[in-house]
Every structure is written in structure tokens, then in C-alpha cells.
Amino acid sequence: MLLDARQGDLLEFSAEGDGAAAVLDAIGRLALDNFGDQDEDTSPAADQAVPSSPLTDAGGGMLAGISASNGLAVGRLYSLNEARPTIPRAQIGSGGDAEGEIARLAAAVEGAAQALEALIRRSSGAEAAIFQAHRLMMRDEALLGAAREGIAGARLSAEAAWWDAIEATAERCRQSDNAYLQARESDVIDVGRRVLHLLIPNAPALTDLPAGCILAASDLTPSEVAQIDPQQVAGIILRYGGATAHAAIIARGLGIPMLVGVGALNDLGEGQVIVLDGDAGCLYPDPTPQQIDAARRTMQERRDHAARLREASRQPAITPDGRRIEVAANIGAPSDAARAFALGAEGVGVFRTELLLMNRQAPPDEEEQVHAYTAAAQAMPGHPIIVRTFDIGGDKPIPYIDIPREENPFLGYRGARVWLDQPALWGPQLRAICRASADHNIGVMFPMIGTLEELDHARELLLRVQGQLAAEAIPFNAAMPVGVMVEVPSAVTMIASLIERVDFVSLGTNDLTQYLLAADRGNARVSHLAAHTQPALLRAIRQVVEAAQAHSKWVGVCGEMAGDPHLTPVLLGLGVDELSMNAPAIPEVKAVIRRTDYAQAQALAARLLTLASAEQVEAALAQIPPVSG
Ligand code: PEP
Ligand code: MG
């Protein structure tokens with residue numbers, strides 16, 4: 001592409017050195033294979049049936065996606081590639097270090113290429129081919145050489161020189177009279193953004209978007225979604241991604257409707273008004289005025305319904321036959337706590353503290369963390385706040401924390417494995433949690449525990465830190481509740497032993513589902529496997545509840561299924577004590593609990609536990625009367 005080679009051009013390849021013949025042979029085979037181009041749309045949702053939606057299709061067409069955050073949205077399409085960052089034209093000065101800037105650029109390109117490699121491993125077919133092309137483009141000498149020239153010649157900073165090179169390449173595509181090359185402009189910008197993010201992690205790429213837009217992108221990282229202002233963005237559509245990936249979790253927390261796995265994204269016109277139905281998992285690319293009216297009416301009805309539910313949401317959730325369920329919120333920042341409290345949260349079931357590490361250059365120190373945990377607790381006076389230790393890795397890379405490149409990041413150096421290993425992570429965090437526990441109802445919870453040794457190691461570190469604080473006469477709560485997340489299948493099998501060592505357990509069903517079914521939670525192609533209606537998951541939950549009850553310990557669920565009102569009767573019936581979810585889901589889940597008899601829910605769960613497939617579970621659930629209303 002960077003050679004401006006076009007369809008029908010004659011290209012001559014030459015190679016020298018060891019393996020030259022094999023290379024030329026491989027190129028020949030690639031040419032015969034049409035360079036891997038496929039004409040059909042092989043995007044994840046392309047082969048799925050178009051779901052039913054309250055807005056009937058009246059001619060403008062409907063595109064299927066996968067629902068990642070509920071809600072309806074009407075807005076103008078704004079493609080992320082239009083959100084060109086403004087890069088300060090920083091010069092490196094006469095005494096400046098051009099070599100240092102060139103090394104910084106090389107490191108950022110390498111980091112971005114590694115992130116793309118992870119995406120390539122998680123995708124296949126046309127999808128993987130796009131990422132492969134992006135990786136090649138990123139390392140292309142034509143691009144890198146121009147950027148290095150900007151640093152050495154024009155003495156620009158790495159980010160300014162890189163972005164100049166990207167803009168110049170994008171401009172060449174734009175000016176081309178070849179439609180294929182014109183369409184590559186967005187790929188060039190995509191590649192540019194990836195590297196830029198690593199050069200300036202705080203670049204506010206996703207602010208200043210047009211008010212009320214529907215943001216479209218090939219994919220977004222959790223830290224990018226976290227930058228989005230819900231007042232600006234009405235909805236999000238992604239070509240890739242999964243419903244329980246962290247980008248989706250953050251969108252749900254922000255209350256922004258989102259679809260993932262939307263294959264034909266590139267066919268949508270910039271600035272076009274579209275209707276996104278996050279409940280039905282589809283969008284209307286060319287809605288009729290009637291559909292837009294119907295969507296706006298439905299949105300108003302839902303707002304009215306939500307307002308009615310909110311009136312009762314501060315009351316406890318007790319079933320008609322007297323079983324009380326604690327309903328708590330999942331938060332990622334102290335500021336989330338006040339909003340969750342207003343929506344009826346009775347505590348925080350998981351504070352995803354690793355989100356505090358994003359969009360900055362270094363972890364918060366002990367003081368900043370004490371402040372964060374204390375602020376969350378003060379927003380919910382007296383209520384329990386469960387602080388989960390940093391769960392880094394998997395789909396939550398933190399650029400400044402050293403995680404080596406791995407074949408399988410979700411099966412690799414992630415969560416407790418990183419945290420237990422790095423005193424710079426556990427030291428300040430445990431001290432901060434303990435200090436905040438002195439005056440507040442704070443508990444600590446360890447994620448990604450797969451063995452007794454890991455849990456014992458974490459408890460031992462906690463005791464060590466508590467010993468140091470005592471020696472320094474710094475107050476803390478020596479009886480602070482300690483919990484473990486059950487999200488690795490081995491923790492389910494070992495639950496009887498794990499439970500003896502803790503005060504509570506919380507089921508991380510996002511990870512537990514992906515690991516039980518060996519189905520990546522961020523891969524739209526296998527989302528049917530990573531379903532919360534899988535009997536394997538329901539039986540695992542029951543096994544954990546039985547072990548906890550035998551030891552009189554409480555069990556919570558803090559994965560995304562806890563906030564799905566259709567599954568509330570199931571979790572209630574399986575015997576969990578606490579449900580922790582993204583705050584906007586709280587009023588509805590509480591309302592469902594208040595109208596579900598515990599005895600009936602138990603009978604339902606007992607029936608579901610005998611079923612053999614997710615399909616059968618879904619069919620059984622479809623027969624119970626609607627839970628909302
Ligand atoms: C889970 O895995 O269900 C969970 C709550 O943790 P996270 O989604 O942050 O991995
Ligand atoms: Mg998890």
C-alpha cells in the first residue's frame with residue numbers, strides 16, 4: 001500500500017540470502033491466493049441471525065451486532081478516525097536528545113505491534129488479516145524513516161514526527177484516484193493512533209467529540225472507553241470486541257449503549273443518523289422518520305420506567321417470602337461510588353482498582369490510594385466497600401508495568417500472578433487498603449486465585465503489612481474481611497479448602513465463564529460459548545454456594561451476569577447472598593428480587609441444574625413470565 005501499488009500493476013520481487021527461494025515461493029503462493037483477500041463478510045456477527053427489535057425494519061435495513069451494553073440511541077455516526085488528535089508541535093531544542101526520541105518512537109512502535117499481535121491471536125480470517133496488515137504498516141520503513149527524519153532533521157518530538165508521517169501517508173491515500181487506496185486512509189490513522197497512545201498515554205483522543213454522536217471504531221481499549229463522556233456520546237459501535245470484555249464493562253458503567261461485532265462498519269456513512277438498539281443487538285443504518293420517532297418514544301418510556309424504579313431503589317431488596325439479597329455496585333473510581341449510592345447500591349462488591357492505573361504514567365502512590373479508598377467509603381457511609389487488589393494483564397495492559405510479551409495473555413502473567421510478584425504493586429496497595437480500613441467498612445479481595453498457595457501468599461503479605469503498620473503505630477482494622485474471587489476453574493474444585501481461609505467469596509463469572517468454556521471473553525466469534533446460561537457455569541456456582549453455606553460464609557457474584565435482570569431469579573435460586581453490578585442495573589435488579597419468591601427461584605434453579613445445554617437453559621428461562629415491568 002505504501003508503495004502505491006494498485007490492482008493490475010506488475011510487481012517484481014527479488015530476494016537474496018538464506019531462504020531467498022522459499023521467500024519468493026511463499027510470495028508466489030500468496031499472489032495465487034489473491035493475497036488472502038476474501039470477498040464475503042466474515043466478521044463475527046455477519047453469520048448470525050438478525051435479532052428481533054421493537055423497531056420493526058421498514059425498508060432502511062438492519063445490521064446485526066452483539067449487545068455489549070443495553071439501551072437505545074439515536075445519533076450521527078462519528079468514526080473514531082475523524083477524531084484526529086492535536087499533537088503539540090514540540091521541538092527537542094538544540095541540546096535535545098534526538099537519539100532518545102528515536103528510541104522512544106521505536107519502543108512505542110514495538111509496544112503497539114505487540115498489542116496487535118495479541119489481537120491477531122484472538123481473531124481469525126479477514127479480521128486477523130487486517131490486524132496483520134496494520135502491524136506490517138506500523139513497522140514499514142517508509143513510515144518509520146519519515147518519522148525518524150522528522151526527529152533528526154526537523155528536531156520534532158517523537159509524537160509530532162510520527163503523527164506528521166501518518167498524516168502525510170493518510171493524505172496520499174486521500175488524494176489517490178484509486179478507491180482501494182482511498183479506503184486505506186482509516187487504516188493508516190488507526191495504526192497512527194495505536195502508536196501515539198503509547199507515546200502520550202494521556203492524549204485526550206476521545207474528548208471533544210460532537211455532542212450526541214454514535215462513536216464507531218474497529219476496537220477500543222478499556223482506557224479509551226474510560227475517557228468517554230456519556231454526555232457527549234450517545235452510543236458506541238465496534239467492529240470487534242466481546243460483551244464481557246473490559247471495554248464493554250466500562251461502557252455499561254457509563255450507561256452508554258454499545259454493540260460489538262458489527263461487521264459492515266465501513267459501509268456506514270460518516271455523519272449519517274443511525275439508530276442503535278443495544279437491547280436487541282442491532283442497528284438501523286438508514287432509519288425512517290417513523291423508526292427515529294419510535295426509538296425516541298421508547299427511550300422516553302424507558303427513562304420514565306427507570307425513574308419509577310429509582311424511587312424505590314434505596315429500599316432493600318427482599319423477596320416476597322423474606323429472603324434479603326445485598327445489592328452492591330462495581331466501581332472503577334471513587335467518583336463512581338456516589339452515583340451508585342444514589343441508584344440504590346448497598347455497598348461496593350468490587351472496586352476494580354486497576355482502573356486507577358490507566359491513563360497515567362505511574363501507579364498512584366500509597367497516599368493517593370488511601371485517599372481513593374477512603375473517598376469511595378465516604379460516598380457510602382457505613383456500607384461495605386470491597387477493594388480488589390490490582391488485576392492487571394489479560395485485556396487490561398498497563399503500558400508502564402512490565403508485562404512480557406506472551407502467546408496467551410489471559411492464561412499468562414495476569415492478576416494475582418503479577419501482583420504477588422511485584423512488591424511495588426502489593427506494598428503500597430495493601431498499606432493503603434489497611435489504612436483506609438481504620439475508619440471505614442473496607443474489605444480486601446484477591447482476584448485470579450487458582451491455588452491455595454497463591455491465596456496463602458496473599459494472606460501472608462497482608463499479615464506482613466499489618467505487622468509493619470502496627471510497628472509504626474499506624475491504625476488499621478485487624479479484623480478487616482478478606483475475600484477471594486472465584487474465577488479460575490481450579491478455585492471451584494478447591495473451594496472447600498479456599499473457603500476455610502477467607503471471610504467471603506465473590507464469583508467473577510466473566511472470567512469463570514471464559515476459563516470454564518475456554519472461550520475468550522473479548523472474542524465476538526465465541527460469544528455463544530462464553531454464555532452465562534451454560535450449565536457448566538450454573539453447576540460451578542452451585543458448588544461454590546454449597547461449600548460456602550457449609551462454612552457459614554457469604555457468596556457474592558460480581559461478574560456481568562449479576563446485573564442481568566433475566567438471570568436474577570437464577571442467581572437468587574442458586575443461593576447467592578450478594579449481587580454486585582454496574583450501577584445503572586441496580587434499580588431493575590432490586591425490583592426483580594422484590595417480585596420473585598425465593599422458593600420459586602430455588603425450584604427454577606434446581607430445574608436448570610438438571611439441563612444439559614445453554615440452549616435448554618435459555619428455553620426454560622424464556623418460559624417464565626417477563627421479569628421487568
Ligand atoms: C469477573 O471476571 O467476573 C470480574 C468481576 O472481574 P473482571 O471482569 O474485572 O475480570
Ligand atoms: Mg475477572
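The values are calculated or read from the model by the stated rules, or taken from the named source; none is laboratory data. Nothing here was measured: the structure is a model prediction, and the numbers come from that model. FYI the Cβ positions are ideal-geometry reconstructions off the backbone, even for glycines, and counts take in every protein chain you see. The area values use the complete protein model at the heavy-atom level, side chains included, leaving out ligands, DNA and RNA. Shrake-Rupley method; radii C 1.70, N 1.55, O 1.52, S 1.80 Å.
Below are the figures for this structure:
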| item | result |
| --- | --- |
| Whole-Hz ³J(HN,Hα) from phi, Karplus 6.51 cos²θ - 1.76 cosθ + 1.60, for segment 495-510, glycine and proline x | 4, 4, 7, 4, 5, 5, 9, 10, 8, 7, 10, 10, 7, x, 6, 5 |
| Per-residue ³J(HN,Hα) for segment 407-423, Karplus 6.51 cos²θ - 1.76 cosθ + 1.60, θ = phi - 60°, Hz, x for Gly and Pro | 5, 10, x, 6, 9, x, 7, 9, x, 4, 5, 6, 5, 5, 8, 10, x |
| Accessible area (Å², 1.4 Å probe, nearest 10) - residue 395 | 20 |
| Low-density loop positions, trypsin sites (Lys or Arg not before Pro), segment 287-386 - DSSP coil, at most 10 other Cβ in 10 Å | none |
| Enclosed volume per residue, in Å³, of the convex hull spanned by Cα atoms of segment 403-472 | 91 |
| Exposure of residue 577 as accessible area (Å², to 10), given a probe of 1.4 Å and all protein chains | 50 |
| Surface accessible to a 1.4 Å probe, per residue, for the residues of segment 379-431, Å² | 38 |
| Residue-normalised accessible area of segment 468-616, expressed per residue, 1.4 Å probe, Å² | 35 |
| The chain: angle of helix 185-199 to the longest principal axis, Cα-based, in degrees nearest 10 | 60 |
| Accessible surface of the chain, 1.4 Å probe, proportion on carbon and sulfur as whole % | 53 |
| 5 angstrom amide H check on residue 507, placed H, neighbours 5+ away | 486, 556, 557, 558 |
| Sequence of 326, 149, 311 when ordered by accessible area, the most exposed leading, probe 1.4 angstrom | 311, 149, 326 |
| Given charges at Cβ of Lys, Arg, Asp, Glu: the chain dipole, positive-most of 24, 445, 211 | 445 |
| List 374, 389, ordered by accessible area with a 1.4 Å probe, largest first | 374, 389 |
| With all protein chains modelled, accessible area of residue 553 [1.4 Å, Å²] | 50 |
| Where Rh is the Kirkwood radius over Cα pairs, Rg/Rh for the chain | 0.98 |
| Around residue 434: net Lys/Arg minus Asp/Glu count, Cβ-Cβ under 12 Å | 0 |
| 35, 390, reordered so the largest accessible area comes first (probe 1.4 Å) | 35, 390 |
| Translational diffusion coefficient (Stokes-Einstein; Kirkwood radius from C-alpha pairs) of segment 450-574 at 20 °C, 1.002 mPa s, in µm²/s | 136 |
| For the chain, size of Cβ-based charge dipole, Lys and Arg +1, Asp and Glu -1, in debye | 2080 |
